[in-house]
Amino acid sequence: MKKVLIILLSLVIFWGCDNKESEKPETGKDSDFTFDSTDLQLAPVSDDAFQNVILQYSLKKGNTYKFRLTTITDESQTIQADTTISQKVSQTIVYLIHLEVKDLDEEKVMEINAEVKSIKLDAVSNNEKFSYVSGAKMDSLELMQFVEYEALRNNPFTIRINPEGDIVEIFKADKIANKYLEMRGMKDSISVEEKKMFQQDIINAALKPLLAQVFRKLPKTEVGKDSSWTFKMPAADLQVFKLDNTHTYKLTNFEKLKDDNIAVIEAGLISQFIINPEAKKNNIDVKKPKYTASGKIFFNLSKGLIQKSKTTTSMDVEISMPVPTQKGMQKVTRKQYSVNNNILELL
């Protein structure tokens, strides 16, 4: 099951109608996957047009919303020992996501059927190219290579989101888990309890990261131009070190997109690394890692959702450790640098 989880983690990084075998698979038009990385073209408003506002998600019951989420990753890695091994990977993944609002309770918590309708991937690893478009004809070897995407697409699940963007619940993800296990030939070889654990792994490693791009957490208090707020995130345990992140936001302006009012928000990050004491005891040396993030969010006040967002994160880390070899203990150094861009667009 650990190998399965590792594969799932590659999604992010990570929506309702039933998937019927008799239906012709949809690959999506090329234009559907053509993303726009530029800012929205907005019109200015007078300085006194807005005072304080409350940022809230307010999707309408019965409506369907379509998003395009594009993740662009560039990563380079070098391992140095008695020889040097280098690897460079560039990857672009585009998800076409449909959200259908099924219910709204008295606390304005939205119950939404979510479905990833189509996925397109283009990647280059050390000059070797890979590509995938969901619904395209593939042989059995190609299906196994992209099994995590095949399991995700056209398998709806349900989410509950409150007006502040907190994910209250994600459920009905069993179709995704069963499809993955079936394609891997594992459906009848694991216990019911293991299937439940695997389904939760999918929710945590694949679905929540995708949803976090569509529903970013919002402040509960009123905000106005130049208002700032922060959110402390749970610490990420990367074994050798822990990563403490605080997301920062500032509402820089109010503008117009046709007839809709837009709040323009700048996003940032305060990051702190805590080296594991056990790593030092084992002679593992970690040079001070660098983790940065920045971005811009265009929140549609009229529709109560994110109209568009563009965010960038980067990680630079170097770790050295002694490794036993036939020649005795040898120092091995791993250097890794990665940049990840996420672009969310309301279609």
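The values are calculated or read from the model by the stated rules, or taken from the named source; none is laboratory data. Just so it is clear, the model here is predicted, and its values are computed rather than measured. Heads up, the Cβs are rebuilt from the backbone with ideal geometry, glycines too, and the neighbour counts pull from every protein chain shown.
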For this session: Pick out the one residue from Phe198, Phe215, Phe231, Phe171 that is under 22 Å from the mean Cα position of the chain (by Cα) and more than 29 Å from Ile343 (Cβ to Cβ).
Result: Phe198
For this session: Look through the stretch 259-281, keep the residues that are outside any helix (DSSP H, G or I) and surrounded by fewer than 12 Cβ atoms within 10 Å (Cβ to Cβ), and return whichever of them is modelled with the lowest pLDDT.
Result: Ile274
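Go through the stretch 291-339 and give me each residue that's over 22 Å from Leu42 (Cα atoms) and among the charged types (D, E, K, R).
Residues satisfying the conditions are Asp316, Glu318, Lys327, Lys331, Arg334, Lys335.
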For this session: Using the structure shown, decide if Ser338 is assigned to a strand (DSSP E or B), touching a Lys or Arg at 6+ places or on another chain (Cβ under 8 Å) and under 25 Å from Thr92 (Cα atoms).
Result: no
Exercise. Which of the residues spanning the stretch 123-164 are under 23 Å from Pro209 (Cα atoms) and among the hydroxyl-bearing types (Ser, Thr, Tyr)?
Worked result: Ser131, Tyr132, Ser134, Tyr149, Thr158
Exercise. Which residue out of Gln239, Gln213 is part of a helix (DSSP H, G or I) and among the polar types (S, T, N, Q)?
Worked result: Gln213
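Among the residues of the stretch 216-236, write down those that are in contact with a Lys or Arg (Cβ under 9 Å, 6 or more places away or on another chain), under 23 Å from Lys303 (Cα atoms) and assigned to a strand (DSSP E or B).
Those that are in contact with a Lys or Arg (Cβ under 9 Å, 6 or more places away or on another chain), under 23 Å from Lys303 (Cα atoms) and assigned to a strand (DSSP E or B): Ser228, Trp229.
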Exercise. When you scan the stretch 109-205 for helices (runs of 4 or more DSSP H) that lie fully inside it, which ones turn up with 1 or more residues that are closer than 30 Å to Leu55 by Cα?
Worked result: 192-202
Problem set entry | Looking only at the stretch 282-304, and only at residues there that are over 23 Å from the mean Cα position of the chain (by Cα) and not in a loop (DSSP other than H, G, I, E, B), the one that is surrounded by the most Cβ atoms within 10 Å (Cβ to Cβ) | Val286
